[in-house]
Amino acid sequence: MTSSAHFPTVGVVGAGQLTRMMIEASARLNINIKLLAETPIDCAALISNNVEIGDYKNYDTLRKFCENIDVLTFDHEHVPLEHLKKLELQGVKIRPGIKALSCAQDKAIMRTTLSEAKLDMPRWAIVKNKEEIENFAAKIGWPLVIKSSVGGYDGKGVWIAQDITEVQKIIESPIKESSQWLVEERVNFKRELAVHVARSPHGQSVVYPVVQSTQVDGVCEEVIAPAPNLSDNHASQIQAIALKIAELLDVIGVFSVELFDLGDGKVLINELAMRPHNSGHWTIDGSNTSQFENHLRAILDLPLGSPSLTSPNTVMVNVLGGQFDDMYKPFMHCMARDPELKIHLYGKEVKLGRKVGHVNICGEKVSDLLERAHHAADYLTGKITE
Ligand code: ADP
């Protein structure tokens, strides 16, 4: 018998980079991971010795996958809830739970649930057609943000309409899974913030420092941890919002809250992700316990690890696919230029604009860390050559 026999097996649906980084954390703790991947070359499947290939939308595939696991968790939020409800009735531990997942799957449910808890958000409405959007605009004014309530990610499924003539084009977009739309005021925010919480079935929670994230075309580009120029008081208020949501939705595992900072101590909740998140990748090098390790600890109901900082600041910059597909060649220059640089590549085929990795740098001075992290990300993708 191997020593692994005493250790639980976590079943993960989806085999993208989040799962790949979860596998790294699991290996140190000797926790077994079994994957349900769509293809054998999904980037987490490439580094796993326990992979089933199948369609996560098929109930029988999911049921069979759950036969020899201790808990079920996710790389993404698209597994049909009706399947998960049936599996739960059969005793499968679904983590996070159905209530939390429903808020992450459907932005309309998320807005409704958080409104009932009197949490501050952009003014919003659920609409079914152009006329209802026009009525909302009459109250709020243009421009408006129109969101597909289900199926969106990385800004896909989010549009800005300057006026009613733009609305028609948007609601004829290819995302048809939704029969309704979420429409919101366009918030004139000063910056975007994010905060991450790990919560276990025991109800133990730990909250990470609030970070500043910058999105370009809906895709996260850079994260600064902790968020610069945020008072302790304001940071604590934001952490308290995240902890309140964790209790409200009975979240198990790591989840993140993305917020708009309006300045003057005011924030509005943009959205929730019920899993480790891109804005939390800094924790791998910048925190005592990474979001991936704490996710595993939380879903297995182990005591949680400290989320405190390992150095005063950490900057994370995403590596987005560029013109060159040889990601190894730039290692020589990047590693020689900056021995403190932490490169994380996901083993994904390079495509223009695709998230293929990220870099982290920890240290003192944010402006210096930003320069070094952006240089590395740009050099790795061939955007700059020196
Ligand atoms: P996704 O689920 O694709 O990440 P989000 O709802 O987070 O979609 O929106 C993506 C980005 O669009 C946000 O990070 C923010 O920059 C911008 N955005 C979303 N909602 C609003 C809003 N109401 N006002 C202004 N900008 C918004």
>> Mean-square fluctuation check for the chain, GNM, Cα pairs under 10 Å: which of 92, 359, 223 is largest?
In response: 92
> What ranking do 144, 341 get, fewest neighbouring Cβ atoms within 10 angstrom at the top?
Replying inline: 341, 144
> Once every DSSP H run of n ≥ 4 in the chain is given -39500 (n - 2.57) and the sum is divided by its residues, what mean residue ellipticity at 222 nm do you get, rounded to the nearest 500 deg cm²/dmol?
Replying inline: -9000 deg cm²/dmol
> Mean separation of Cα pairs under 8 Å and 6+ residues apart, divided by the residue count of the chain: what relative contact order is that in percent?
Replying inline: 13 percent
> Can you give the charge dipole size of the chain about its Cα centre, rounded to the nearest 20 debye, using +1 on the beta carbon of Lys and Arg and -1 on the beta carbon of Asp and Glu?
Replying inline: 500 debye
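Once the other residues with Cβ under 15 Å from the Cβ of residue 115 are scored (Lys, Arg +1; Asp, Glu -1), what is the net sum? Write down the numbers at each step before the final one.
Working: positive: 107, 111, 118, 123, 244; negative: 106, 116, 120, 184, 185, 271.
Here the count lands on -1.
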> Could you name the lysines in cross-link range of residue 86, using Cα to Cα under 20 Å and dropping any fewer than eight places away on the same chain?
Replying inline: 57, 64, 99
> What's the tally of Lys pairs in the range 100-179 whose alpha-carbon atoms lie under 15 angstrom apart, where the two lysines are 8 or more places apart or on different chains?
Replying inline: 15
> So which trypsin sites (Lys or Arg not before Pro) in the range 1-94 pass both tests, a DSSP loop state and at most 13 other Cβ atoms within 10 Å of the Cβ?
Replying inline: 57
>> Using the Cα centre of the range 146-290 as origin and beta-carbon charges of +1 (Lys, Arg) and -1 (Asp, Glu), tell me which of 290, 161, 219 is placed farthest towards the positive end of the dipole.
In response: 290
> Any idea how far the Cα center of the range 292-334 sits from the one of the range 93-142, in Å?
Replying inline: 31 Å
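Could you size up the charge dipole of the range 17-68 around its Cα centre, putting +1 on the beta carbon of Lys and Arg and -1 on that of Asp and Glu, and report it in debye to the nearest 20? Don't jump to the answer; show the numbers that get you there.
Working: 6 positive and 7 negative charges, 32 e Å.
Rounded to the nearest 20 debye, it is 160 debye.
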> So what's the gap between the Cα centers of the range 201-238 and the range 1-52, to the nearest angstrom?
Replying inline: 28 Å
> Setting aside same-chain residues fewer than 8 positions from residue 266, which aspartates and glutamates have a Cα under 20 Å from its Cα?
Replying inline: 116, 120, 184, 185, 192, 232, 258
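How much net charge surrounds residue 4 when only the other residues with a Cβ under 13 Å from the Cβ of residue 4 are counted, with Lys and Arg +1 and Asp and Glu -1? Provide the component values of the computation, followed by the final result.
Numbers: positive: 34; negative: 70.
Net charge around residue 4: 0.
Just round it to a whole percent: the fraction of Cα-Cα distances in the chain exceeding 39 Å. Don't jump to the answer; show the numbers that get you there.
On the way: 11591 of 74305 pairs.
In whole percent, the long-distance tail amounts to 16.
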>> Just to confirm the filter: which GluC sites (Glu not before Pro) across the range 270-367 are DSSP coil and have at most 15 other Cβ within 10 angstrom of their Cβ?
In response: 340, 349, 364
>> For a quick check of your reading of the filter: which chymotrypsin sites (Phe, Trp or Tyr not before Pro) in the range 279-336 sit in a DSSP loop and have no more than 15 other Cβ atoms within 10 Å?
In response: 324, 328
>> Under 24 Å between alpha carbons, and skipping anything fewer than 8 positions from residue 329 in its own chain: which lysines qualify?
In response: 342, 348, 351, 355, 383
> What does the charge add up to near residue 369, with Lys and Arg as +1, Asp and Glu as -1, over the other residues with Cβ less than 12 Å from its Cβ?
Replying inline: -4
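Readers should treat all values here as calculations from the given coordinates under stated rules, not as data from a laboratory. Please read these numbers as outputs of a predicted model, since none were measured by experiment. Neighbour counts are summed over all protein chains in view; Cβ atoms, including those assigned to glycine, are modelled from backbone coordinates with ideal geometry.
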